[in-house]
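Q: Below you'll find the structure I mean.
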Amino acid sequence: MYEEGKKPGLRCRHILHKIYGHDEAPSTNLIFAKSPPKSPSFLCNTCGRGFQSRQELTDHVKIKHGAPKFQCTACFKGLSTKTHYTSHMQNHLNEKMYPCDQCGSSFVHKKDLVNHINAKHDLKKLSCTYCSKSFSYDRALKRHIRGVHEKQVFVCQYCSKRFGYYDNLKRHVKNIHKQ
């Protein structure tokens, strides 16, 4: 992998085969390459995943395949770490420990609070070019454009009303035509 006589230098994460010297390297996305990547020496007998050291393999087996150290008293699910157990128990206890400062809604998990803030309170950065409606997520903007502004492709067989989404057509048929 290395040119003969050259010491390993910095390796671009994105172009793994190109090796830079210290002075030539761009400053971003680089890792120091002491030696070429090694093949995993230790394989998990259960799932086949490879590891560089015996300790990594041992840790993996304990967490992923070992007998759980913690058991949920509500559903009897086994969990391997105290962190996983605590997080799991919050679901059962419904302890909403993460309140939103902007609207007062509370959430069991921090990640749910973050998703809420991004969806409900962040500045909406993506605007529809047809009607200027704003969206926090690219997928929501695309769904809006496809369903509202582009050619609607699902047609009701009873009244010929057109819909941009199959789910909306199904709901329409069920509610209006009682089918």
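Every number in this text was worked out from the coordinates using simple rules, so none of it is lab data. If you're wondering where the values come from, they're calculated on a predicted model, not measured in any experiment. Quick reminder, even Gly has a Cβ in these numbers, built from the backbone with ideal geometry, and neighbours come from all protein chains shown.
Q: In which sequence would TYR98, TYR137 go, from the one with the fewest C-beta neighbours within 10 Å to the one with the most?
A: Going from sparsest to densest Cβ surroundings: TYR137, TYR98.
Q: So which of LYS142/LYS170; LYS111/LYS133; LYS111/LYS161 end up more than 30 Å apart by C-alpha?
A: From LYS142/LYS170; LYS111/LYS133; LYS111/LYS161, over 30 Å: LYS111/LYS161.
Q: Could you line up CYS128, CYS75 from fewest to most neighbouring Cβ atoms inside 10 Å?
A: So the ranking, lowest neighbour count to highest, is CYS75, CYS128.
Q: Using a 10 Å cut-off around each Cβ, can you sort LYS178, LYS161 from fewest to most neighbouring Cβ atoms?
A: LYS178, LYS161
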